[in-house]
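Bear in mind these aren't lab numbers, they're just calculated from the coordinates by the rules spelled out. This is a predicted model, so every value here is computed, not measured. Glycine gets a Cβ as well: all are built from the backbone with ideal geometry, and neighbour counts include every protein chain shown.
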């Protein structure tokens, strides 16, 4: 099975914004309540909401369980953000410009 990610032309919604604005705020859930439901520290949830921590597979499963989503929703959101950020990174562009092709596509 292959999955093609559709990377938007504009910066995608970050995991933290999605978590805060589409789940916590509308559902009136605090970061502390989410942390307790997930069995993690409040710092972990705060770092997720502030985009200082990336979604791991384990975190995706926990968020899916407590928020009624799927792990794939969270993982895909993280991957799309990672790809977009890398595509728009000057450092990555410089590295690509200097990379040597070993096998032609």
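Structure notes:
- Residues satisfying the stated conditions in segment 29-43, i.e. touching a residue at least 24 places away in the same chain (Cβ under 8 Å) and either surrounded by 16 or more Cβ atoms within 10 Å (Cβ to Cβ) or closer than 18 Å to residue 57 by Cβ (or both): 34, 38
- Residue within segment 78-96 that is surrounded by 17 or more Cβ atoms within 10 Å (Cβ to Cβ) and farther than 27 Å from residue 6 by Cβ present: no
- Condition check for residue 58: surrounded by fewer than 13 Cβ atoms within 10 Å (Cβ to Cβ) and either in contact (Cβ under 8 Å) with a residue 12 or more places away in the chain or closer than 19 Å to residue 4 by Cα (or both): no
- Residue 53, sole failed condition from (1) surrounded by 13 or more Cβ atoms within 10 Å (Cβ to Cβ); (2) within 19 Å of residue 8 (Cβ to Cβ); (3) touching a helix residue (DSSP H, G or I) at 6+ places or on another chain (Cβ under 7 Å): (2)
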